[in-house]
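Student: Below you'll find the structure I mean.
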Amino acid sequence: MEIQEYIDTYAYVLVRIAAAKAKAVTLDDMNSLIDCSSIESFKQALAEIDEDITIDFLNSSKDLEKTLHQVFFKYAAIIIKNSPRECQEFMVKYMQKYEVENLKDIVVAKLVSLDSRSIREGIYYQVEDMLKTTKNLENALNAENLDELIYWYRKTPYHGILHEIQDRYNKTHEIFFVYAFLDKFYIDDFNLLLDQHSRWNLGAGKIIKFFVGKFTDFYNLSTTIRAIDYNFTWDELELLLSIHETERLVSKQAIKELFSIGPNIHGLARKLKEIVKTYQLSQNLTGIITEERLIHSLKNFYFCLYRAFTRSLKFKQDHELCDVIMFIIKKEIEIDNLVIIFEGIKNNYERKELKKYIIQEI
């Protein structure tokens, strides 16, 4: 997506974000929603909290997730259109992860010969519109096979990685590598922002560096834990890591030490705490990481670290960029939480247990 508009103030977008925050689902709201006795009462309560959410056709967690993402994408588009350039560039890169999610589904469909009609409902069309990539998407959906799909992406950054995925799948017939290789591609591409930060002012560069760096750390650490679960070798895991020489990034050696622990949940949790305590602002946060739901708790840790960083910059130069990024991250976590609550109520989970799965603000 080519950024053509040049705006030097966050004034308009911050007003829109403030209005959105007024309708955001708070922690008290989450706890109230968890206590709903049925899906119908959950839907009614949610509609009262956020008038942007249409509940008429929410019959499944996928329906809910799609509706929530539509609201989220609306705000993302407003931010991209009405923010200074550094924020626009960050948001375009960030939103490309949904383009990657679309591509994952389409590639898998071509590999296992699924009809494209079966996956169209799950496609994030709003993101493709936002990024001006709708033509490629439609060509990919209509492609007869993976070779034809790769042809349509020949002039995009995805061309090389799609060839690599095809080669890997032909050797292993493992669908997992489709997801893993595209995730790695996205993280590597996201890190290109770090190479560009020097041309921005000091405050914006620091903020971009922090968020992208920690985003990459979470990817590498969570991928390592999943690789242990899948009984990967180190050589196989190494293909999936996104290693970049940036300040305060978790080193390859630390990841190797984590991997060497193997399927020992106690040892993994202890090592993760040891790794993340080297971050500035991580004081009093390492206890968030627990043996139970390890990756989920690690995600919660990074969310709280983002919050601590945001608060440390309040009223300092370029804190507005930090506020915008944090708003986007919180909206995504809100989606995760609401989908978890919906599924929990639907499947009659114990409410006390359900609360453990919610990422909460500290």
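Student: I'd like the projected area of the stretch 101-220, averaged over all directions, using the convex hull of its alpha carbons. Report it in nm² with one decimal.
Tutor: It is 8.4 nm².
Student: Hey, if you put +1 on the Cβ of every Lys and Arg and -1 on every Asp and Glu Cβ in the chain, which of Tyr302, Ser222, Gly344 ends up farthest toward the positive end of that dipole?
Tutor: Positive-most Cα among the choices belongs to Tyr302.
Student: Rounded to the nearest 500, what is the 222 nm mean residue ellipticity of the chain from helices alone, with -39500 (n - 2.57) per DSSP H run of 4+ residues and division by all residues?
Tutor: After summing the helix terms and dividing by residue count, I get -21500 deg cm²/dmol.
Student: Once fully extended, how much extra length lies between Asn145 and Asp195, figured as 0.36 nm per residue of separation less the alpha-carbon to alpha-carbon distance?
Tutor: Values: separation 50, 0.36 × 50 = 18.00 nm, distance 3.59 nm.
So the chain would gain 14.4 nm between Asn145 and Asp195.
Student: On a 18 Å Cα-Cα criterion, which of the cross-link pairs Lys209/Lys271; Lys277/Lys299; Lys43/Lys352; Lys93/Lys316 come out too long?
Tutor: Lys209/Lys271; Lys43/Lys352; Lys93/Lys316
Student: The chain: longest stretch without exposed chymotrypsin sites (Phe, Trp or Tyr not before Pro) (DSSP loop, at most 10 other Cβ within 10 Å), sites themselves excluded? Write out the running numbers ahead of the final one.
Tutor: On the way: sites that count: Tyr6, Phe57, Phe315.
In the chain, the maximal stretch lacking such sites is 58-314.
Student: Output the relative contact order of the chain, whole-number percent, from Cα pairs under 8 angstrom with separation of 6+ residues.
Tutor: 19
Student: Show which aspartates and glutamates lie in cross-link reach of Lys62 when reach means a straight Cα distance below 14 angstrom and same-chain residues fewer than eight apart are skipped.
Tutor: Qualifying aspartates and glutamates at Cα under 14 Å: Glu121, Asp336, Glu343.
Student: May I pose another question? Rule-of-thumb check for the chain: C-alpha Rg over 2.2 N^0.38 Å?
Tutor: Here the answer is 1.00, to two decimals.
Student: For the stretch 202-317, treating each Cα as an identical point scatterer without solvent, what Debye log10 I(q)/I(0) comes out at q = 0.15, 0.20, 0.22 1/Å?
Tutor: -0.65, -1.09, -1.29
Student: Pull out the extension gain between Asn348 and Phe57, defined as 0.36 nm times the separation in residues minus the alpha carbon to alpha carbon distance; nm, one decimal.
Tutor: Taking Asn348 through Phe57 to full extension adds about 102.6 nm, to one decimal.
Student: May I ask for the equivalent-ellipsoid semi-axes of the stretch 28-104, computed as the square root of five times each C-alpha gyration tensor eigenvalue and listed largest first in whole Å?
Tutor: With the √(5λ) rule applied to the stretch 28-104, the semi-axes are 30, 15, 10 Å.
Student: Where the centroid of each part is defined by its Cα atoms, how far is the stretch 171-237 from the stretch 116-146 in Å?
Tutor: One Cα centre to the other: 24 Å.
Every number in this text was worked out from the coordinates using simple rules, so none of it is lab data. Nothing here was measured: the structure is a model prediction, and the numbers come from that model. Please note: Cβ atoms are built from the backbone with ideal geometry, for glycine as well, and neighbour counts cover all protein chains shown.
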